[in-house]
Structures are given as structure tokens and as C-alpha cells.
Amino acid sequence: MRLPRPSIRLRLTAWYAGIFLALGAGLLAVSYGVVRHEFGSNGQRVHVRVDEITTLQRDGHPRTVRVRIAPGIPGETTAPVRRLSAGEREAYGRALVAYRAAANAADARALRSVLALFAVALALLTLASVVAGWIVAGRALRPISRITATARSMSERTLHERIALGGPRDELRELADTFDTMLGRLEGAFDSQRRFVANASHELRTPLAIVRAELDVTLDDPDAGEADLRVMADVVRETNERMERLIASLLALARGEAGIERPRAADLATAVAPVLEREPAFGPDGPLRLDALLHSAPVLGDPVLLERLAHNLVENAVRYNASVGWVRVRTRVERGEAQLTVSNPGAAVPPEEVGSLTEPFRRLDTSRARSTGGYGLGLAVVRAVAAAHGGRVDLTARPEGGLEATVALPAASLRAPVGDGGGAPAARLA
């Protein structure tokens, strides 16, 4: 049979009582030793008084001689009257032996009484320390019971509750505040998850509804010809491509939030270069002008995720650009950070809404039109990938309109020499 584990209150009480018992026993042992020493030293100090009877016998000697022995030193001293005779010295010796035997017996009885009293006092004080320790431990651990009760009552519907422990700012107050902070983060995470699921369901339901409507309308029309079927197929294919982009973005977001198991050497310049080459908006007939200056920016991470990060930033800059505008791309190493900056002109972005653009499915009112093809996941994926690499994303609304996005990741040292301005240019496109 396994015995239940004692509570921390009981263990603290046992520790209090044990420490008090050990220290009290040590103190009483020292006190007993001092008392025993004093008893022994006082027993060796005696004074002798000899009373002489002046009545003489026939031979001229005193009739009796009385010897008195008392402990300690008398308050007054007397000068000797004469030298003791042999009989007097013998009587003195017998009296001294008898006195010392009686004094030692009295000391032993007194020491036994003192020891018994010390033991009783130690037992009573130890019992009192147990009671006091139990009460004090209960009062000190009362916040723990409150924290435990709050933790047991927690569920996804009660994450708004807090411990809100008062009192001095001690370790227990710090623990309670940390628990409240954790509950706040959990509440935010659950709210974000609920919004994410709702938004993802909504975004997936819309293209599915379009496909269903196109199929129903075309198939229910008995006069539908090849041209109608082709139109329906084009709509279904376009809608399917949108769903594929959405699912790819969701997978990239989930992969970025999962972290990187095996980081490898990578370079932001190498990740962004193929993205710029594939973008048709920067082609000879494209509407946008590209201004790219790519310096080596080595990092440790996942090259595939980094390329996805660069793709989303460039795609976001192209999609929300001016009708005839430009995109500026820079990679560099600055203050120990590998940075990728993408900026573009465009519609004015309210500064108070810039911080929310990295939330999943978050789009500005001016960009909610389906014609842009956006789902509000591009910058959320960027933030997740940057966080997985131990970095951050800084968004700045340009006063002239548009947005500037900077991704800063911890730089990794490579053997290749780094020139002025954060490394030699890997490419310059314009």
C-alpha cells in the first residue's frame, strides 16, 4: 500500500519543529554544561570554623573540639588563634570528607532536577513550535491554495478570470502575477485561434460556394453548350487556384509557427533573388520598376521558409502598389542583424492599423476587394517565419502612401569577407 505524500504545509511544519528542536537541544545542552560546571566549582570552595571549648580537662586539654565546614567563602575573615593539634586536624579531615560527600549528592540531585526541567521545557516549546509552524505555514501557503483553485477551474470559457493576488510583492505574489500573465496569453491565443478558424472557414466557404453555384447553374441548364461549359470550367479553375493559394498560405503559416528543427546556412539575398526574377510585374512589359540592392545577409534557418517570406513581402508590395509605381528591395547586415527591407508606394495606410496587419486574415478596408486576390495571410506568414528564425517584422506606413516592411533576423557569420555596408552586393537590379 502506497502512503499518500505529505503536503508541503506538513513538511514545512516538520522542518520548523526539527530546526527548533535541534537548536533548542543545543542551547539547553550548553546551559546544562554551564550549570554543571558552576555546581562543581562551588563545591570545592569551603571555609572552616573551629569552635574551641575553653573548659579544660584535668590534663589541661580542652574537653571538646567542634569543626564546622560551610560552602563558599565567608563574608569576614578571622586570624588564626593557634596551630591545630593532631586530633583537631584529624577531626577536620573527617568533617571535610563528610561535607564533600553530602555536597556531591546534593549537586547530583539538583542537576537531575535541572535536566528534567530542561527536558520538559524543550518538549513543551517544541510542541508550541509545531502548532505555531502549522499556523504560520498555513497562512504563508494560503495563496498557493488560491492559485490551485483558480488553475483547476480554468477552461477555455473561463480564461478571462484572474487570481489578482494582493499583499506584499513576495515570491508568491510574483508567482500569481506570472500565472495571470500566462492566462492573458492563453486567452489571446484562444481568441486568435477562434478568429483564425472562423476566418479560414469563411475564406474556404466562399470559393466552394462559387464552384457549387457554377456547377448547379451550368448543369441545370439543358441548353448549355460547349461555350457555357468552358466558361464554367474557367471559373472553377480560377476558384480552385485561389483555394490552392489559400491552403498553401495556411500550410506556410502553420509550418512557420511550428519552428525550425534543423537550421541550415542560408542567405536573405539568395532567398529573395529568384523571387524577384520570377515576378512578372518587373519584366520588360511590367507596370512596376524594381530597385533592388542585395548584399549578403547570412542567417541560420530554413531556406524554403525564407524564400516564402521573401515571396510574400514582394507579392504584398506588388499587389498593393500604385498603378505605375516601384518596389525597393534591400538586404544587408546591420548591428548583428540580417535585414530584408521591401518598400512600395500606394494607398495611405493609417499608422494605428499598421501593427494589426500581421494578424491572420487582417486586411485594410481599402484592400478587401476580391479583385486583389488577397486573403490577409501574407504578412502573417512573414511574421511567423521571422519568429521561427528568432527575428521580428517591423512595418512602417510611408507618409507619401504605401508601406515599408523590414525583417530582421539574427545574422550568422560566414567565411566570406563582408565589405562596407553589410557585405559585398550579391546582385543589383533596376
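Looking at Arg205, Arg237, which one is under 42 Å from the mean Cα position of the chain (by Cα), outside the structural domain of Leu379 (by TED's automatic domain parsing) and surrounded by fewer than 12 Cβ atoms within 10 Å (Cβ to Cβ)?
Residue meeting the stated conditions: Arg205.
Output the number of residues of region 120-171 satisfying the condition of being surrounded by 13 or more Cβ atoms within 10 Å (Cβ to Cβ) and at positive phi.
Matching residues across region 120-171 total 0.
Test Phe196 against the stated conditions and say whether it is among the aromatic types (Phe, Trp, Tyr), assigned to a helix (DSSP H, G or I) and modelled with pLDDT of 75 or more.
Spelling it out, it is not the case that Phe196 is among the aromatic types (Phe, Trp, Tyr), assigned to a helix (DSSP H, G or I) and modelled with pLDDT of 75 or more.
Go through the residues of region 81-101 one by one and say whether even a single one is polar (S, T, N, Q) and either surrounded by 11 or more Cβ atoms within 10 Å (Cβ to Cβ) or modelled with pLDDT under 80 (or both).
yes
Among the strands (runs of 3 or more DSSP E) confined wholly to region 262-325, which include 2 or more residues that are in the same structural domain as Val349 (by TED's automatic domain parsing), of a type outside the set (Lys, Arg) and more than 38 Å from the chain's Cα centre (by Cα)?
Output list reads 289-295.
So which of Thr181, Thr126 is part of a helix (DSSP H, G or I), modelled with pLDDT of 80 or more and closer than 30 Å to Leu377 by Cα?
Matching residue, one of Thr181, Thr126: Thr181.
Name, by its number, the condition in (1) more than 30 Å from Arg212 (Cβ to Cβ); (2) in contact (Cβ under 8 Å) with a residue 40 or more places away in the chain that does not hold for Arg245.
Going through the list (1) more than 30 Å from Arg212 (Cβ to Cβ); (2) in contact (Cβ under 8 Å) with a residue 40 or more places away in the chain, Arg245 breaks only (1).
Just need a number here: residues in region 160-171 that are closer than 20 Å to Gln193 by Cβ and at pLDDT 75 or above.
1
For region 346-430, which fully contained strands (runs of 3 or more DSSP E) count at least 1 residues that are crowded, with 20+ Cβ neighbours inside 10 Å and modelled with pLDDT of 65 or more?
On the way: elements: 392-397, 403-410, 425-429.
In region 346-430, 392-397, 403-410 are the strands (runs of 3 or more DSSP E) which contain 1 or more residues that are crowded, with 20+ Cβ neighbours inside 10 Å and modelled with pLDDT of 65 or more.
Considering each residue of region 331-345, count those that are surrounded by fewer than 21 Cβ atoms within 10 Å (Cβ to Cβ) and closer than 23 Å to Leu276 by Cβ, and give that number.
Total meeting the criteria: 5.
Can you tell me how many residues within region 138-161 are closer than 29 Å to Arg11 by Cα and either touching a helix residue (DSSP H, G or I) at 6+ places or on another chain (Cβ under 6 Å) or part of a helix (DSSP H, G or I) (or both)?
Filtering region 138-161 for residues closer than 29 Å to Arg11 by Cα gives 138-154.
Right, trim to either touching a helix residue (DSSP H, G or I) at 6+ places or on another chain (Cβ under 6 Å) or part of a helix (DSSP H, G or I) (or both) and you get 138-152.
Final tally of qualifying residues: 15.
The values are calculated or read from the model by the stated rules, or taken from the named source; none is laboratory data. Since this is a predicted model, take the numbers as computed values, not measurements. For neighbour counting, all protein chains shown are included, and Cβ atoms are generated from backbone atoms with ideal geometry for every residue, glycine included.
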